[in-house]
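This report concerns only the one structure given below.
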Protein chains: 2
Amino acid sequence: MSELENDVGVLEANSAFYKAFESLDIEAMNAVWDHQEPILCVHPGWPLIQTRERVMESWSRIFDNATLIQFAITGTKPVIEGDAAWVSCTENITQVLDGRVVEVKIQATNLFRRQLGNWYLAHHHGSPVG
Amino acid sequence: MSELENDVGVLEANSAFYKAFESLDIEAMNAVWDHQEPILCVHPGWPLIQTRERVMESWSRIFDNATLIQFAITGTKPVIEGDAAWVSCTENITQVLDGRVVEVKIQATNLFRRQLGNWYLAHHHGSPVG
C-alpha cells in the first residue's frame, strides 16, 4: 500500500469520527472505534475514560444532551507509524446550548489502530484552546 | 523482546520526560524527543506546535518562566503498537507562581516512536482536568 493510500485511509477514519459526532449517531460512533482494548478517551475537561464500554457510554451521554452541533475541522496532521496512526486537528465547533449559538475551539489528538487494512479509533483526547 | 520489556522501555521514556520537565533541564528535554519529524506538541490551552525546532523553543520559554515545579504522575497507562506507543497519565503539578503555591491537574497523552530499540517522544498533548 502506498504512503498516500495510508494517509487517505487515516484521514477517512478521522472524518468518519467527526461525521458520527455531528450526526449524533451512536451506531456510527460505535463503528468508528476499535473493538480491541485498550480504548482510552479524554473529553475536554474530563478525566481519562477507560474501556470501550465506558467510552461508548460517555458518547451516549454526550449525544443525549446535545441538540445541534457542527464541526469545521482544520489543521489536520496525520502521522503513520506501522499499524498505528495519530491525527492532530482543530475542531471548530458551533453548538446550540440553551437556545444560544456557542462557538468553541478544541485541539484534538486522535489515535488509530489498523485492523485487517482498516483504521479504527483507539484513543481520543480533546482539550479547549485558550 | 518481551511485552514486559517493551512496557518498561516506554514507561522509562515517559519518566525521563517528566524528570527533564521537573529539573527544567533543556538538554535532558532535548534528549527525550525524537530527532525525526513529524514532532507535534499541545501545551495546556495552547494551539498545536509543529516541528522539533518550535517545540524545543516552547520548552525553553516554559523553562525560562518557571521557578519550581514538581510532578506526581498517576494513572499511567501504556499502549504499545509495533514501533509506536502512547502513554496516558495524569500530571499532578505543584508549582510556585508569584510566590504562591499552585496545584493543577493535567491529563496527558504522550506518544513515542521506537528508533534502534529506544523510545523517543514524538507528540505531547496536555490539557487541564476540570
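Order A:Glu81, A:Glu22, most accessible first, counting only protein heavy atoms with a 1.4 angstrom probe.
Largest to smallest exposure gives the sequence A:Glu22, A:Glu81.
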How much length is gained on full extension from B:Lys19 to B:Asn65, taking 0.36 nm per residue of separation minus their Cα-Cα distance?
-> 14.8 nm
Choice from B:Gln107, B:Gln115, B:Gln70 with maximal GNM fluctuation in chain B (Cα, 10 Å cutoff) | B:Gln115
State whether the range A:8-130 is rounded, prolate or oblate according to the following rule on the C-alpha gyration tensor (a ≥ b ≥ c being the square roots of its eigenvalues): a/c under 1.5 gives rounded; otherwise a/b larger than b/c gives prolate, and the remaining case gives oblate.
-> prolate
Max mean-square fluctuation residue, GNM over chain A, Cα-Cα springs under 10 Å, options A:Thr90, A:Thr109, A:Thr74 = A:Thr74
Any idea what the A:Glu22 label distances to the other copies are, label 7 Å down the Cα→Cβ vector, nm, shortest first?
-> 4.5
Degrees, to the nearest 10: A:52-65 long Cα axis against longest axis of chain A = 30
Inter-copy separations for B:Val104, label at 7 Å along Cα-Cβ, nm, ascending = 1.8
Charge dipole magnitude, Cβ of K and R +1, D and E -1 - the range A:26-130, Cα centre, debye nearest 20 | 200
State the Cα centre-to-centre distance between the range B:77-130 and the range B:8-43 in whole Å.
-> 9
Using 7 Å Cα-to-Cβ label points, what is the B:Leu97/A:Ser58 separation (nm, one decimal)?
-> 2.4
Chains B and A: accessible area buried, summed over both chains, 1.4 Å probe, nearest 100 Å², reads 2300
In terms of Cα to Cα distance under 29 Å, which lysines are near enough to A:Lys105, apart from those fewer than 8 places away along the same chain?
-> A:Lys19, A:Lys77, B:Lys77, B:Lys105
Rounded to the nearest 500, what is the 222 nm mean residue ellipticity of the protein assembly as shown from helices alone, with -39500 (n - 2.57) per DSSP H run of 4+ residues and division by all residues?
-> -10000 deg cm²/dmol
Among B:Met56, B:Val87, B:Pro128, the residue whose Cα sits farthest towards the positive end of the charge dipole of the range B:46-130, when +1 is placed on the Cβ of each Lys and Arg and -1 on the Cβ of each Asp and Glu, is B:Val87
Residues along the range B:75-97 losing 40 Å² or more of accessible surface when the other protein chains are present rather than the chain by itself (probe 1.4 Å) = B:Lys77, B:Val79, B:Glu81, B:Trp86, B:Ser88
Please give the contour-minus-distance gain from B:Ala28 to B:Val8: 0.36 nm per residue of separation, less the Cα-Cα distance, rounded to one decimal in nm.
-> 5.3 nm
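What accessible area per residue comes out for the protein assembly as shown, rounded to a whole number of Å², with a 1.4 Å probe?
Result: 50 Å² of accessible area for each residue.
Below 8 Å, C-alpha to C-alpha, sequence gap of six or more: please give me the relative contact order for chain A in percent.
Once normalised by length, the contact order is 25 percent.
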Taking only Cα atoms, what is the 0 to 90° angle, nearest 10, from helix A:3-22's long axis to the longest principal axis of chain A?
-> 20
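The values are calculated or read from the model by the stated rules, or taken from the named source; none is laboratory data. Being a predicted model, the structure only gives us computed values, none of them experimental. When we count neighbours, we look across all protein chains shown, and the Cβ atoms used for this are built from the backbone with ideal geometry, even at glycine. Accessible surface areas use protein heavy atoms only, side chains included; no ligands, DNA or RNA. Shrake-Rupley method; radii C 1.70, N 1.55, O 1.52, S 1.80 Å.
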